[in-house]
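Trainee: Have a look at this one before I ask anything.
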Amino acid sequence: MGKRDPGRVYIFDTTLRDGEQTPGVSLSPEEKMEIARQLDKLGVDTIEAGFPITSKGEVEAVRMIAHAGLKAEVCGLARCEKSDIDTALSCDVPLVHLFIATSDIHLKHKLKISRDEALKKAVWSVEYAKSHGVTVEFSAEDATRSDRNFMTKVYSEACAAGADRINVPDTVGVITPQKMGDLIRHLKKSINVPISVHCHDDFGLAVANTLAGIEAGAVRAHVAINGIGERAGNASLEEVTMSVQCLFGKKTGIRTPLIYDTSRMISRITGVVIQPNKAIVGENAFGHESGIHTHGILNLPLTYEPLNPELVGRKRWIKAGKHAGGHGIASQLEAMGLQVNKEQIREIVVNVKAIADKGKNVTDSDLAALARSVIGQTQKESKIVELQDLAVMTGSNLVPTASVKLKISGETYVGADTGIGPVDSAVKAIQKVTHDLIDVRLKDYRLEAITGGSDALAEVTVKVEDSAGNTGSASAAGADIVVASVEAMIDGINKVLARSTRDLEKAVKAD
Ligand code: KIV
Ligand code: ZN
């Protein structure tokens, strides 16, 4: 490796090794290769490609990645065992990551060897791997639960045997940031090679502990995309990288605009879903709903965005909901190409909050439908036909029956009819009541459930036609399909009436 830059933090990516140890995840050599290429594009310094001794497929994958001509340094993991080291070397990796546990719990209950035997194995393995000309990174597994003096001795002797760098694993995620800082400062007193930190997230502290290690002088962070890994996972690449860059003002080699695409790719290939509130790559990480926040964001993104979404390949989005305000809703509608005035925005915000108060999620499509329906309603201020009341009866042993009360040019009319379903009976009841004014038929009817679930918001679009061939299209949205259908139908009738009135006026003028 060339000269190290003191202002730079090196990213050792273990998505393909510890990340693949996520319960339920198993990658084919081809999938590993595809991910390795993306990690290389992303700019990681090291790709820990796998643990070659585990299977033939793993050997194939690690070898393929080692021979792919990537810019990143490719690493294979090996226990302090000759067979592991030979298998890793057979993959032609330039870097071998050697590990042996140093905690008494592991020595006694897992390896069943003494501290002395562990020390000898560590020294022998480093010497053996180094005699094959590779770079060696040495880890004292379970370092954070090990006796400090013994662990320090193992690291010192591994370095004396030729280890090029050491890694401090918090194998079961039990250290805290202050203790991690203290441990790294302690090791730096006797260790003269670069130090890496490898933190697990069992207590949700993996990123904090990694950053504490870096602040204390570690130069390399072991991380995995989306924080995948054994149990609760590893420190996430995206969180560590962005914290190092934005909060510490240090450099990494990561091309941060590729972070989001890489995260999606790993999620797709591994099947590990990303929680919506996950920092940097979660769906909600750059989403805003509350009126106060969206107003601030629209004035100056920095008010509520500590980090520009584009820096990590993302876009901010604003969502309608219970906490929404006029500014946010207006900007969402503008982005959708919907023109609304202040009055209409106020009405839309009231409708959005009413829907959200029922516990419903208001999607973009919901918002667009609500807006269209409000725009439609306000346009028909001088409507000839207005709905005053609607009642529908339906059931397995009942013929669906609807009755409607309509105001037509100021007069109230009531009518009822039956049909094959509640919508059909309501449409027929409307036709019956309006028959003397206009003879309309339903030419087209489209119903869309905008969101999933039995409380989905429905958008109904209709096309009505009178006997002279005048047509009017209208749509309405709401949680009740029958009400939305009736509103759309009446709106359509009003459009046809307006059209035929205009035609009549033109004809009169022409005479
Ligand atoms: O968590 C751990 O201790 C490891 C070792 C292999 C370094 O992953
Ligand atoms: Zn690990």
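The values are calculated or read from the model by the stated rules, or taken from the named source; none is laboratory data. The model shown is predicted, which means the values in this text are computed figures rather than measured ones. Please note: Cβ atoms are built from the backbone with ideal geometry, for glycine as well, and neighbour counts cover all protein chains shown. Surface accessibility is based on the protein's heavy atoms, side chains included, excluding ligands, DNA and RNA. Shrake-Rupley method; radii C 1.70, N 1.55, O 1.52, S 1.80 Å.
Trainee: Let me make sure I get this right: for the range 48-179, a, b and c are the square roots of the gyration tensor eigenvalues over alpha carbons, sorted descending. Under 1.5 in a/c it's rounded, otherwise prolate if a/b > b/c, else oblate. Which is it?
Mentor: Because a/c hits 1.5 or more and a/b exceeds b/c, the range 48-179 counts as prolate.
Trainee: Quantify, in whole percent, the carbon and sulfur part of the accessible surface of the chain (1.4 Å probe; protein heavy atoms only). Walk me through the numbers before you get to the answer.
Mentor: Working: 12040 of 23520 Å².
After summing per-atom areas, the C and S share lands at 51 percent.
Trainee: Counting helices only, and only those DSSP H runs with n ≥ 4, report the 222 nm mean residue ellipticity of the chain as the sum of -39,500 (n - 2.57) divided by its residues, in deg cm²/dmol to the nearest 500.
Mentor: Using -39500 (n - 2.57) per qualifying helix, the result is -12500 deg cm²/dmol.
Trainee: Find out how many positive minus negative residues lie around Ala458, taking Lys and Arg as positive, Asp and Glu as negative, among other residues whose Cβ is under 9 Å from that of Ala458. Show your work: numbers first, answer last.
Mentor: Numbers: positive: none; negative: Glu448, Glu459, Asp480.
Local net charge: -3.
Trainee: Just need log10 I(q)/I(0) for the chain at q = 0.11 Å⁻¹, Debye formula, equal scatterers on the alpha-carbon atoms, no solvent, rounded to two decimals.
Mentor: Rounded to two decimals, the profile gives -0.89.
Trainee: Using a ≥ b ≥ c from the Cα gyration tensor of the range 287-375 (square roots of the eigenvalues), is it rounded, prolate or oblate, where a/c under 1.5 gives rounded and otherwise the larger of a/b and b/c decides, a/b for prolate?
Mentor: Prolate, because a/c is 1.5 or more and a/b exceeds b/c.
Trainee: Could I ask something else about it? So, for the chain, what is the accessible surface per residue at a probe of 1.4 Å, expressed in square angstrom?
Mentor: Working: 23520 Å² over 511 residues.
I get 46 Å² per residue for the chain.
Trainee: Using only the Cα atoms, what convex hull volume per residue in Å³ does the range 384-498 have?
Mentor: Numbers: hull volume 10.5 nm³, N = 115.
Cα-based convex hull of the range 384-498, divided per residue, equals 91 Å³.
Trainee: Something else: Report, in cubic angstrom per residue, the convex hull volume of the C-alpha atoms of the range 189-249.
Mentor: 84 Å³
Trainee: Using the basic label-point model (7 angstrom from Cα toward the beta carbon), what is the Asp261 to His132 distance in nanometres?
Mentor: 3.5 nm
Trainee: List the trypsin sites (Lys or Arg not before Pro) within the range 244-345 that fall in a DSSP loop (any state other than H, G, I, E or B) and whose Cβ has at most 14 other Cβ atoms within 10 Å. Write out the running numbers ahead of the final one.
Mentor: On the way: sites: Lys250, Lys251, Arg255, Arg264, Arg268, Lys278, Arg314, Lys315, Arg316, Lys319, Lys322, Lys342; in loops: Lys250, Arg255, Lys278, Arg314, Lys315, Arg316, Lys319, Lys322.
Sites meeting the loop and neighbour criteria: Arg255, Lys315.
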